[in-house]
Amino acid sequence: MFTSYGYSTIIKTLLLCMALGAAAMIFPFGAEIVLLLTAASTLLFTLYFFRDPKRKTPDEKRVIVAPADGKILLVQKHAENASGKPSMLVSIFMSPFNVHVNRVPLSGKVTHLRYRSGQFLMAFDPRSMESNEKMEIGINNGEIEVRFSQISGFLARRIVCQLQKGESVTIGKRFGMIKFGSRVDIILPPSATVLVQPGQRTRAGETILARY
């Protein structure tokens, strides 16, 4: 029901809310109600945020699935690669109300992992792609390589990534999360045909972003 990535935060929030609830008893009735409602709503939101629903990954070959729940912000040409052909960049914005557990978009081997410190601009700000704190990840299946980044946002100050370089991973597998709002950018190779468009909603591990 809840992701293990959030256990420590859930426990801390529970203890804080219990302390707030106990302290509320010494205040006048009106203030007591406000404090109790604040504690209850904070705990409920924390539990809701760290939910981890089951997902059914498509049983299809040669597909790349969304690594995150959210809304497609943009689909655009990214850069020229070694073959001289442009890659495609797909950006997914994750609001605080989305499921934040991230999933592997492609089966293969983890060939690239790099953490970069940075700013905490709003996740929907285009500058956040280059300026914000991020974890860059690359997966190669012997035919194509997909690069994607977990990018922190204004509220998101904690990136969780449990992948290891050289590790073999399976499409749809949970691998981490970004806490409290963020974005995930994925760079698709020239051989991939993008199937999504801006404004579309995605579900991590289920929504097919592209075929190759």
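The values are calculated or read from the model by the stated rules, or taken from the named source; none is laboratory data. If you're wondering where the values come from, they're calculated on a predicted model, not measured in any experiment. Here the Cβ positions follow ideal geometry from the backbone for every residue, glycine too, while neighbour counts run over all protein chains shown.
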Next on the checklist: Between a residue in segment 15-33 that is acidic (D, E) and any residue that is surrounded by 12 or more Cβ atoms within 10 Å (Cβ to Cβ), which pairs come within a Cβ distance under 8 Å, given they are 6 or more apart or on different chains?
Outcome noted: E32/A24
Checklist entry - Consider L195 against the criteria (1) free of Cβ contacts under 8 Å to residues at least 40 places away in the same chain; (2) in contact with a Lys or Arg (Cβ under 6 Å, 6 or more places away or on another chain); (3) aliphatic (A, V, I, L, M): it satisfies all of them except one. Which criterion is unmet? => result (2)
Checklist outcome for this item: Picking from T111, T46, the residue that is at pLDDT below 95, of a type outside the set (D, E, K, R) and outside any loop (DSSP other than H, G, I, E, B) would be T46
Next on the checklist: For the structure I just gave you, tell me whether F97 is of a type in the set (F, W, Y) and within 22 Å of the chain's Cα centre (by Cα).
Outcome noted: yes
Checklist outcome for this item: Conditions (1) closer than 21 Å to A192 by Cβ; (2) at pLDDT 90 or above; (3) in a loop (DSSP other than H, G, I, E, B) -> S83 fails only (2)
Checklist entry - Of the residues that make up segment 37-49, is at least one crowded, with 19+ Cβ neighbours inside 10 Å and of a type outside the set (V, I, T)? => result yes
Checklist entry - With (1) closer than 30 Å to P189 by Cα; (2) surrounded by 15 or more Cβ atoms within 10 Å (Cβ to Cβ) as the list, and E60 as the residue in question, which single condition is left unmet? => result (2)
Next on the checklist: Any residue that is of a type in the set (S, T, Y) and farther than 24 Å from Y212 by Cβ - is there at least one of those in segment 68-84?
Outcome noted: no
